[in-house]
């Protein structure tokens with residue numbers, strides 16, 4: 001440090017000594033931080049894996065899920081847009097999609113602890129039809145505004161009674177003590193599968209879609225029936241649904257088994 005002309009010699013010496021002490025202290029703290037970070041990284045790398053993720057990171061995701069579920073408000077809706085804002089989203093993933101699926105013979109298999117049913121697409125379409133224009137958010141960071149048309153999953157649960165342990169037909173949200181806590185959705189060939197918490201699955205914006213942007217679904221976008229669930233990332237929006245199972249057990253999830261968050265919600 002060059003001595004300023006107006007600074008007395010004794011003050012200059014004191015200032016110089018302070019700067020040296022600060023420099024040594026900063027270097028020591030910086031070195032300690034680097035060593036601590038390296039040690040933490042080595043420790044993390046030595047931990048066992050759970051679903052392709054080191055267990056401390058998996059616990060962090062589970063804690064995040066607990067907080068998200070505790071603060072989830074079923075009355076809160078994902079933002080909706082004007083239909084003219086809608087665009088055709090990219091396909092972005094063909095996991096589980098069978099391009100040769102025979103639509104005429106396709107049946108939606110629905111099960112719960114009280115029984116099982118097989119519905120045609122016409123039976124799904126007989127449920128009240130809803131249309132929403134919401135944002136499809138990909139976990140990769142991009143999003144598209146899409147208009148979805150179809151039946152609410154909560155209405156299917158009401159009509160079949162399979163979301164309740166007793167199998168009672170009617171609004172399942174009025175029997176929360178009897179409500180099964182999870183839902184599993186799988187493609188007909190079991191090539192793709194997702195698990196959902198029941199609160200998100202029966203949210204008023206969660207649709208079983210057979211239309212996109214006013215047109216029937218194409219195979220690559222999930223025909224004959226796909227899930228649109230705006231309160232979750234796109235990885236949960238399963239295409240080409242084959243089976244819906246209401247269950248007491250937390251279902252397996254395709255991307256969770258590869259290291260991702262099971263909850264995947266907002």
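Would you pick out the residues in segment 242-265 that are over 16 Å from residue 197 (Cβ atoms), assigned to a loop (DSSP other than H, G, I, E, B) and more than 17 Å from the chain's Cα centre (by Cα)?
242
Residues checked against (1) at pLDDT below 95; (2) touching a strand residue (DSSP E or B) at 6+ places or on another chain (Cβ under 7 Å); (3) closer than 22 Å to residue 256 by Cα:
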| residue | (1), (2), (3) |
| --- | --- |
| 186 | no, yes, yes |
| 190 | no, no, yes |
| 198 | no, yes, yes |
| 204 | no, yes, no |
| 210 | no, yes, no |
| 213 | no, yes, no |
| 224 | no, yes, no |
| 229 | no, no, yes |
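So which residues in segment 73-98 are exposed (fewer than 14 other Cβ atoms within 10 Å of the Cβ), touching a strand residue (DSSP E or B) at 6+ places or on another chain (Cβ under 6 Å) and not in a helix (DSSP H, G or I), if there are any at all?
Once the filter is applied, which keeps residues that are exposed (fewer than 14 other Cβ atoms within 10 Å of the Cβ), touching a strand residue (DSSP E or B) at 6+ places or on another chain (Cβ under 6 Å) and not in a helix (DSSP H, G or I), segment 73-98 yields only 87.
For the structure I just gave you, tell me whether residue 67 is modelled with pLDDT under 90 and surrounded by 15 or more Cβ atoms within 10 Å (Cβ to Cβ).
Against the criterion (modelled with pLDDT under 90 and surrounded by 15 or more Cβ atoms within 10 Å (Cβ to Cβ)), residue 67 does not qualify.
When you scan segment 174-231, how many residues do you find that are free of Cβ contacts under 8 Å to residues at least 40 places away in the same chain and over 24 Å from residue 144 (Cα atoms)?
So the count comes out to 6.
Could you check segment 213-245 and list, in sequence order, the residues that are farther than 22 Å from residue 141 by Cβ and in contact with a helix residue (DSSP H, G or I) (Cβ under 7 Å, 6 or more places away or on another chain)?
Once the filter is applied, which keeps residues that are farther than 22 Å from residue 141 by Cβ and in contact with a helix residue (DSSP H, G or I) (Cβ under 7 Å, 6 or more places away or on another chain), segment 213-245 yields 224, 225.
Any idea how many residues of segment 104-161 are over 25 Å from the mean Cα position of the chain (by Cα), part of a helix (DSSP H, G or I) and free of Cβ contacts under 8 Å to residues at least 24 places away in the same chain?
Adding up the residues that qualify gives 2.
Identify, from the list 156, 179, the residue that is assigned by TED's automatic domain parsing to the domain that holds residue 83 and crowded, with 21+ Cβ neighbours inside 10 Å.
Residue meeting the stated conditions: 156.
The values are calculated or read from the model by the stated rules, or taken from the named source; none is laboratory data. Every value quoted in this text rests on a predicted model; they were computed, and no experiment measured them. Note that we place each Cβ from the backbone using ideal geometry, even for glycine, and neighbour counts take in every protein chain shown.
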